[in-house]
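Working notes, structure below.
The values are calculated or read from the model by the stated rules, or taken from the named source; none is laboratory data. Just so we're clear, the structure is a prediction, and the values are computed from it rather than from any experiment. Here the Cβ is made from the backbone with ideal geometry for all residues, glycine too, and neighbour counts use every protein chain on show.
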Amino acid sequence: MPNEPAITVSQLNRKARALLEQGIARLWVEGEISNMSRPASGHIYFSLKDEGAQVSAAWFRQRQRGPAIGFKNGDKVLAYGRVSLYEARGNYQLIVEQMEPAGEGVLKQRYEALKKKLLAEGLFEEDRKQALPTLPGRIGVISSPSGAAIRDVVSVLGRRFPTVPVIVYPAAVQGDAAPGELLEALNSAMRRDECDVLIIGRGGGSLEDLWAFNDEALARAVADCPIPIVSAVGHEVDFTICDFVADVRAPTPSGAAEIVVPDQQDWARRLKVLAARVARVGQRAVEDHAQQVDWYSGRIKAAIRRQLLSQQNDVQALRGELVQLSPAVSVQRSIARLAAQRQKLSTAMHDGISGLNHRVALLGRALNSVSPLATLDRGYAIVLDSDGKAMIDASNSRTGDEIRAKLSKGELVANVTKVVKE
């Protein structure tokens, strides 16, 4: 007889379950699916195996997220969960909480690890990022020369601002050689230093397809590049490490092309508006100068009238004093004083009028600088039709019409022998 009391099978399995669940933390297990079954309950039961062993697994319906229905026998997966034991049958099993394809799962882990590392180093900080030029003189594109991305970029650039040249730095964008070729293309662009902005990217694809743009060496080179870089990898929902370290992230290659250059037609419309505004400002300036000339002319005339009136009053006063002095000496002195006053008046009037004439001449030259006559003095002419109206459109004339060309001095009368239209 045993010294210790025996336990039941249920008690044994319960102890084994407690030891398994307490002794092994949640973990990722990689293996191949086999013996999968999907009962009506919605739970999924299968075996997870490798070359040397297998373990039973259960993935309960309430834990299933994403495309669980797509898994099948033979798929290699990463299963995350806890180890337990099914007491009723004593089966050791893995209770799955999350599952994803093995290759993509490993890549996601590497992606998240590198993202966390570079984020901690500050490579994603906004103050490291450079502003893009308003209008680049030359644009560089790092991508596959035969891919759809380069065609989209060139097409959009040609439509928005065709005068900006584009230089392609060819590189593979998928496969084992892609990270090295992309890095070499970027280094070539930096050495040649012939572009004001660079676009690096490719079209959409799976995580494996885009993996070259998650390369650590390439990411560090993009972050340290002195030329502003726009990352345009995949579709709008795709994010790579290059997107985070680049100066600007574009949702697609076409979107990158729209970011790096303005719309030429928008610029033309803005320039037209600015030209009209400048013309209005110039017209107002001419009108303001004309008003100033009129104002100064009025003040000059008023000053002359006041000065003449004052001198006339002085003369009248002197004449009154002369009449009151009857002796001949007083008369002679008065005559002499009158002559002196007349001389003084004459000199003052001459000086005053000379000064006023000088000011009027200055104002006249200022007015002449904005006058159409000044344009005629430089060799231009105003062409008038038979009614005396200025002509601005050659299409309004016909052969044989009489026209007049008003020059700075005189006019020329001529007949139209040929009409050239724009």
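All of 105, 70, 66 fail the test of being touching a strand residue (DSSP E or B) at 6+ places or on another chain (Cβ under 7 Å) and at pLDDT below 85, apart from 105.
When 73, 35 are screened for being loosely packed, with under 14 Cβ neighbours inside 10 Å and in a strand (DSSP E or B), only 35 passes. Of the listed requirements (1) within 26 Å of the chain's Cα centre (by Cα); (2) closer than 22 Å to residue 245 by Cα; (3) hydroxyl-bearing (Ser, Thr, Tyr); (4) modelled with pLDDT under 95, residue 143 misses just one: (4). If you filter the range 125-145 down to residues that are among the basic types (Lys, Arg) and more than 15 Å from residue 167 (Cβ to Cβ), you find that the one that is surrounded by the fewest Cβ atoms within 10 Å (Cβ to Cβ) is 128.
Yes or no: the range 214-224 includes at least one residue that is assigned by TED's automatic domain parsing to the domain that holds residue 127, in contact (Cβ under 8 Å) with a residue 24 or more places away in the chain and assigned to a loop (DSSP other than H, G, I, E, B). Yes: the range 214-224 contains one or more residues that are assigned by TED's automatic domain parsing to the domain that holds residue 127, in contact (Cβ under 8 Å) with a residue 24 or more places away in the chain and assigned to a loop (DSSP other than H, G, I, E, B). Total residues in the range 1-32 satisfying the condition of being among the aliphatic types (A, V, I, L, M) and either assigned to a strand (DSSP E or B) or surrounded by 14 or more Cβ atoms within 10 Å (Cβ to Cβ) (or both): the figure is 4.
Within this structure, residue 41 passes the test of being among the polar types (S, T, N, Q), in the same structural domain as residue 89 (by TED's automatic domain parsing) and in a loop (DSSP other than H, G, I, E, B).
One residue stands out in the range 213-242 among those that are in contact with a strand residue (DSSP E or B) (Cβ under 6 Å, 6 or more places away or on another chain) and surrounded by fewer than 23 Cβ atoms within 10 Å (Cβ to Cβ): the one that is farthest from residue 194 (Cα to Cα), namely 228. For the range 147-165, the candidate set comprises residues that are part of a helix (DSSP H, G or I) and among the small types (Gly, Ala, Ser); within that set, the residue that is surrounded by the most Cβ atoms within 10 Å (Cβ to Cβ) is 149.
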